[in-house]
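Some notes on the structure that comes next.
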Amino acid sequence: MNLLFVADPLESFKTYKDTTFAMMREAQRRGHTVAACEPADLVWQLGGVVQAAVRRIRLTGDAVDWFETVVQEVAELRRFDAIVMRKDPPFDSEFFYATHLLEQAEREGAKVFNKPRALRDHPEKLAILEFPQQIGPTLVTRSAQAIRDFHALHHDIILKPLDGMGGMGIFRVREDGLNLGGIIETLNRDGAQSVMVQKFLPAIAQGDKRVLVIGGKPVPYCLARIPQGGEVRGNLAAGGKGVAQPLSEADRAIAEHLGPILAARGLLLVGLDVIGDKLTEINVTSPTCFQEITDQTGFDVAAMFIDALEQAAA
């Protein structure tokens, strides 16, 4: 297959842990052609089709100079067998516009994974609202008073912005309510910005689990991201320790319930965040943890993904 990855700059990849790199490596190992571009490289003009300035690359196997550019060219997206959208969050205006260009490419014959419309329809914090039976007590609001009422009811809460990533902007407020007013002001911005508030789940001590679902089927191992040093956040970007472990019965039940639903909407790869037996987020933009799970368990997550990509693009 002739594959295009729409991603962040290749020079920024941390190849020892980067999931997109793992995908590329497995694709090349199977003899597929790998090309890459950034969202800023996408172009459409009346009378033409969506194109991009792309780099066709070869992975070298070197830890530092990990790729070499074989050719640089302007290519029509519809000429690729599959396009893998792997731009990291945040889901900002430019990401939004890129999904529209990719959707236009779909109308012209391209096959894009994850599907651009599905990326727009599943904001990573809010997508859980569709599955109330899987989540803990949750509030989404602009109202400072509603947040205070939620705290009075549940006593120990987590507050987070809807556009955060990697644990950014997450706060815990315990029963004493210390700093609740200041945190509300910071996140809520005097009613201008919506906030998600959730009851604190003590099971975070055993990890914020990343459960990967590929082609509607769960990867048999998750990565439990365990908070360190008194932190409340388990995110790897916030210093959490990643420990791979087999899926629990609850993990598998959640993944098997959501997996087919999300796959039918064009979400080939999904990262479910689970604390204890509660779903906390549905990650669709650029789910990670392939290499951590593979390194610790031997299960080849990238191979499972490329298998699913080959089948979906056929």
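Step by step: first the residues of the stretch 267-314, then only those that are assigned to a strand (DSSP E or B) and β-branched (Val, Ile, Thr), then the one that is farthest from Ala98 (Cα to Cα). Which residue is that?
We begin by selecting, within the stretch 267-314, every residue assigned to a strand (DSSP E or B); these are 269-275, 278-283.
Imposing the further condition that a residue be β-branched (Val, Ile, Thr) reduces the set to 270, 274-275, 280, 282.
Numbers: Val270: 19, Val274: 29, Ile275: 32, Thr280: 26, Ile282: 20 Å.
For the stretch 267-314, the residue satisfying everything is Ile275.
Only residues that are in contact (Cβ under 8 Å) with a residue 40 or more places away in the chain, more than 16 Å from Glu76 (Cα to Cα) and among the charged types (D, E, K, R): list them for the stretch 94-126, please.
Glu94, Lys115, Arg117, Asp121, Glu124, Lys125
Are any residues in the stretch 38-93 touching a Phe, Trp or Tyr at 6+ places or on another chain (Cβ under 8 Å) and either among the polar types (S, T, N, Q) or without any contact (Cβ under 8 Å) to a residue 40 or more places away in the chain (or both), and if so, which ones? Give the steps one after another, and end with the answer.
In the first step, residues of the stretch 38-93 are kept if they are touching a Phe, Trp or Tyr at 6+ places or on another chain (Cβ under 8 Å); the result is 39, 50-51, 57-60, 63, 66, 82-87, 89.
Result: Gln51, Arg58, Leu59, Thr60.
Which one of these is crowded, with 20+ Cβ neighbours inside 10 Å, more than 23 Å from Asp8 (Cα to Cα), out of contact with any Gly (no Cβ under 9 Å at 6 or more places or on another chain) and aliphatic (A, V, I, L, M): Val219, Val301?
Val219
If I filter the stretch 218-226 for residues that are among the β-branched types (Val, Ile, Thr), out of contact with any strand residue (DSSP E or B) (no Cβ under 6 Å at 6 or more places or on another chain) and modelled with pLDDT of 95 or more, do I get at least one hit?
Narrowing the stretch 218-226 to residues among the β-branched types (Val, Ile, Thr): 219, 226.
Now narrow it down to the ones that are out of contact with any strand residue (DSSP E or B) (no Cβ under 6 Å at 6 or more places or on another chain): none.
The answer is no; no qualifying residue exists.
Go over the candidates Gln193, Gln198 one by one and state the one that is of a type outside the set (A, V, I, L, M, F, W, C), outside any loop (DSSP other than H, G, I, E, B) and touching a residue at least 40 places away in the same chain (Cβ under 8 Å).
Criteria check complete, one pass: Gln198.
Which of the residues belonging to the stretch 246-279 are under 19 Å from Leu236 (Cβ atoms) and acidic (Asp, Glu)?
Scanning the stretch 246-279 gives Asp251, Asp273.
In the stretch 26-46, what count of residues is obtained for those that are assigned to a helix (DSSP H, G or I) and closer than 23 Å to Val74 by Cα?
Final tally of qualifying residues: 5.
Given the structure, is Ile147 under 26 Å from Asp277 (Cα atoms), crowded, with 19+ Cβ neighbours inside 10 Å and touching a His at 6+ places or on another chain (Cβ under 9 Å)?
Numbers: under 26 Å from Asp277 (Cα atoms): yes; crowded, with 19+ Cβ neighbours inside 10 Å: yes; touching a His at 6+ places or on another chain (Cβ under 9 Å): no.
Considered against the rule, which asks whether it is under 26 Å from Asp277 (Cα atoms), crowded, with 19+ Cβ neighbours inside 10 Å and touching a His at 6+ places or on another chain (Cβ under 9 Å), Ile147 comes out as no.
The values are calculated or read from the model by the stated rules, or taken from the named source; none is laboratory data. Bear in mind the structure is a predicted one, so any value in this text is a computation, not a measurement. Neighbour counts are summed over all protein chains in view; Cβ atoms, including those assigned to glycine, are modelled from backbone coordinates with ideal geometry.
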